[in-house]
Amino acid sequence: MLSDKGNTAAYLLYTYTRIHSIIRMSGKDIDELKKTGKIALDLADERALGLGLVQFPETAEEACTKLLPNLLCEYLYNLSELCTKFYTSCKVNGSVEETSRLLLCEATATVMVKCFHLLGITPVYKM
């Protein structure tokens, strides 16, 4: 239950805190980046994460309509895996694509916190 690997709440929360750590370490004001920056999905892992993000509304609606919160859990786990693969293979801070990738991280964090809220999980910012 407390394993930090695999389909557990600890793994999901770790991914979420890792995203916030990446954003914090950039030293950039994410709200300013939202006003001027754009997300570019040029690499395969960026596109995979982007496609994962756009599946959220459909997944959330299905989970709520059918009263199957496990669908949301599975989605959140898959999104966490996509995010981990993304930030492992695509350098975020200090890269030419830093703004785009920071915005992609922020979008992922936003979707994750919505999932946590629907599942009754309180997100943490540091582990």
Handout entry: Coil-residue trypsin sites (Lys or Arg not before Pro) of segment 1-105, DSSP, other Cβ within 10 Å capped at 11
Key = 5, 38, 66
Problem - segment 1-72 shape via C-alpha gyration tensor axes, a/c threshold 1.5 - result: oblate
Exercise for the section: Would you please state the base-10 log of I(q)/I(0) at q = 0.13, 0.16 1/Å for the chain, with intensities from the Debye formula using one equal scatterer on every alpha carbon? Expected result: -0.51, -0.77
Handout entry: Whole-number percent relative contact order across the chain, with pairs defined as alpha carbons under 8 Å at least 6 apart
Key = 39
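Every read-out reported here was derived from the displayed coordinates using simple, explicitly stated rules and does not represent laboratory data. Quick caveat, the model's predicted, so the values are computed rather than measured. Every residue, glycine as well, gets a Cβ built from its backbone with ideal geometry; the counts of neighbours run over all protein chains shown.
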